[in-house]
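The values are calculated or read from the model by the stated rules, or taken from the named source; none is laboratory data. What you see is a predicted model; the values in this text were computed from it and never measured. For neighbour counting, all protein chains shown are included, and Cβ atoms are generated from backbone atoms with ideal geometry for every residue, glycine included. To get the accessible areas, we keep the full protein, side chains included, count just its heavy atoms, and leave off ligands, DNA and RNA. Shrake-Rupley method; radii C 1.70, N 1.55, O 1.52, S 1.80 Å.
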Amino acid sequence: MLFFYYLSIHLYGIAIRLISPFNRKAKLWVDGRKNIFEKLKTEVKSNKTIWFHCSSYGEFEQGRPILDALNNDFSDHQIIITFFSPSAYENFKNKLSDFSVFYLPLDTPSNAKRFVNIVKPEFVVFVKNDIWFYYLRELFNKRIKFYYVSCLFRPSQIYFKWFAVFFRKQLNKAHHYFVQNQTSLQLLYKNKITQVSVSGDTRFD
């Protein structure tokens, strides 16, 4: 199953590049990741960093209260924000002057290793349900704690399918899950993931 995940990630990257000359969003996705590691090396200047990841615009709004709290409580840290989607990155790249904003490189073993080695986060916060296998494996192997906030889990998600054992093993490596409801908590418990708290929706609670 891991082979198919690895293959799908590479095929996704190839497909985006192929359509980028004809699709503005795909072009932004590709262009934004050019020389990404050189940019990281230039802009990551602190030896105290926190990595905060949101896949999309909506997830950033979901995690914004937590980001603001981290910025207040860890004022001596450089906070690295990553986005996966162009809509989020392009909207926020010039609006978050207190932070360093980047696209997240594709989830491959080499990208995960290079990214984590450059950023060297003290800990990581993922908003909602972004499960990036190789990034999580790299963080776990380097004993860097990572947290999930404002999560919503459902039995229909791929993580809980019978064939996705490798994903559930990664889920269990998170330091803690702050989920939105009891249904998510019970589902994680059912899958022997017990480092969970119900914290509600971070936009309101």
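Within the stretch 1-20, which residues are free of Cβ contacts under 8 Å to residues at least 40 places away in the same chain and open to solvent by less than 30 Å² (accessible area, probe 1.4 Å)? If the condition is that a residue be free of Cβ contacts under 8 Å to residues at least 40 places away in the same chain and open to solvent by less than 30 Å² (accessible area, probe 1.4 Å), then 16, 20 are the ones that fit.
The number of residues in the stretch 137-181 that are within 12 Å of the chain's Cα centre (by Cα) and more than 22 Å from residue 58 (Cβ to Cβ) comes to 1. Listed here are the helices (runs of 4 or more DSSP H) enclosed by the stretch 96-201 that have at least 2 residues being free of Cβ contacts under 8 Å to residues at least 12 places away in the same chain and either open to solvent by 50 Å² or more (accessible area, probe 1.4 Å) or not hydrophobic (A, V, I, L, M, F, W, C) (or both): 109-119, 182-190. Annotation note: Cβ proximity below 6 Å between a residue of the stretch 66-94 that is hydrophobic (A, V, I, L, M, F, W, C) and a residue that is in a loop (DSSP other than H, G, I, E, B) (sequence gap 6+ or interchain) occurs for 66/202; 79/99; 81/99; 84/55; 84/104; 88/56.
Of the residues that sit in the stretch 21-46 and are polar (S, T, N, Q), modelled with pLDDT of 90 or more and not in a helix (DSSP H, G or I), which one is surrounded by the fewest Cβ atoms within 10 Å (Cβ to Cβ)?
Applying the first criterion (polar (S, T, N, Q)) to the stretch 21-46 yields 23, 35, 42, 46.
After this cut, where a residue has to be modelled with pLDDT of 90 or more as well, the list is 23, 35, 42.
Then keep just the ones that are not in a helix (DSSP H, G or I); that gives 23, 35.
Values: 23: 13, 35: 9.
Looking at residues that are polar (S, T, N, Q), modelled with pLDDT of 90 or more and not in a helix (DSSP H, G or I), I get 35.
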